[in-house]
Amino acid sequence: MTVDLQHHGDRDATPGLVDLAVNVRLNSPPPWLAEVIRGTVTDLGRYPEPTAATRAIAERHGVPVEAVLPTAGGAEAFTLVARALAPRAAVVVHPQFTEPEAALRAAGHRPERHLLSPDTGFRFEAEPFESAHGRTDLVMVGNPTNPTGVLHPADQLQSLRRPGRTLVVDEAFMDAVPGEPESLIGQSLPDLSDLKGLLVLRSLTKTWGLAGLRAGYVVGDPDLVATLRSAQPPWSVSAPAVAAMVATATPAAVAEAAAAALEFDSWRSDLERSLAEVDLPKQHASRAPFLLIDTSPIGPGSLRGALADRGLAVRRGETFPGLGPTWVRVAVRHPAVSRRLAEALADVKEGYRAA
Ligand SMILES: Cc1ncc(COP(=O)(O)O)c(C=O)c1O
């Protein structure tokens, strides 16, 4: 079955409905960050210069500047990977955010899919992967993965690395996991060989409410980073994005993100409890600010329409390879919103029973 790889949660967020479809934490950046961005306006007559952002990100992750490339969001990084590297046999681990595969296809590649199963909690394990795709030279995987929320163990991902293969890990949601365990750039990296064949992608979009700014970065193998840099259009990262990257790489900003991540952890537990009350017990472990739910115990097909009738927008599952219409992804929100979702699901369920 072909799926629409270009479908994203914002298209499911119908105006007027409570938005559980989009995973951005804030509707706008926090006031201190908005102030930093506004402060760049007077300098907009000049072309942007990314050096300050490169330095700040390098310092935040304890890597040399040659290992860092600021990008216009994670999305630009996917496109650079797809256009600048020349994989013979790319593999995308699904279900995951669909842009990595879309970017590879747009660049003329025909990636294979490695599908993780709900039966094993959507967990990635290196062994079945190698048996199926041992000859691949480019692997793209999300951690934690959108839409499943599963945080794969770093050692499983590390074990995929080998000469002649590039491992691309999309860590767009890693700063929403308290302490960032399992990040491949989380630990100190004593020498550059630790980055050989590795590219880790990060995004400022989700945690900082900056989808419209376009800000993200790559940390990884300096040779690969140089290849991506040579394919990047000039001035791709704007001056406001550079300022946001510098401001969010400070220890204070990292601590603020960590505090928000802790709050989301507790809200997610609350959402899980609310769902269990309507016979949707925890189906697999999510460490992300969203949950993927199989709603088939409540009713057949997609419940999106029924939930929209009750004022709630959720993200459809069927445009993720490996999932179908009974799956929906819901953003973790304040517990009051989670209770409203559970009540709406209970009501939908009652409707099916009465019919
Ligand atoms: C898992 C994941 N990675 C990357 C991105 C791209 O983020 P951006 O291009 O805004 O940095 C998204 C956006 O939805 C995402 O969900």
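Quick rundown of the values:
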| quantity | calculated |
| --- | --- |
| Mean separation of Cα contacts under 8 Å (6+ apart) over length of the stretch 223-300, as relative contact order % | 18 percent |
| Ordering of 326-333, 161-168 by packing [mean C-beta count within 10 Å, highest first] | 326-333, 161-168 |
| Estimated FRET transfer efficiency (ASP137, GLU263; beta-carbon r; R0 30 Å; 0.05) | 0.15 |
| Contact order normalised by residue count of the chain, Cα under 8 Å, 6+ apart, percent | 25 percent |
| Ranked list, fewest to most other Cβ atoms within 10 Å of each Cβ, for ILE298, ILE293 | ILE298, ILE293 |
| Sites TRP235 and GLU125, calculated FRET efficiency, Cβ-Cβ separation with R0 51 Å, nearest 0.05 | 0.75 |
| Prolate/oblate/rounded label for the stretch 31-249 (Cα gyration tensor, a/c 1.5) | prolate |
| Peptides 336-347, 81-92 ordered by average Cβ neighbours within 10 Å, highest first | 81-92, 336-347 |
| Label-point separation, GLU35 to LYS282 (7 Å along Cα→Cβ), nm | 4.0 nm |
| For HIS94, distant residues with modelled amide H under 5 Å away | HIS114, LEU115, LEU116 |
| In order through the stretch 307-314: 3J(HN,Hα) via Karplus (6.51 cos²θ - 1.76 cosθ + 1.60), integer Hz, x for Gly, Pro | 6, 5, 4, 9, x, 10, 9, 10 |
| Distance (nanometres) between label positions extended 7 Å along Cα→Cβ at ARG339 and ARG110 | 5.5 nm |
| Residues with amide H under 5 Å from that of THR40, placed H, sequence gap 5 or more | none |
| Shape category assigned to the stretch 90-164 from the gyration tensor of Cα positions, a/c cut at 1.5 | oblate |
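Values in this text are rule-based calculations from the coordinates and carry no lab data. Nothing here was measured: the structure is a model prediction, and the numbers come from that model. Note: ideal-geometry Cβ built from the backbone for every residue, glycine included; neighbour counts use all protein chains shown.
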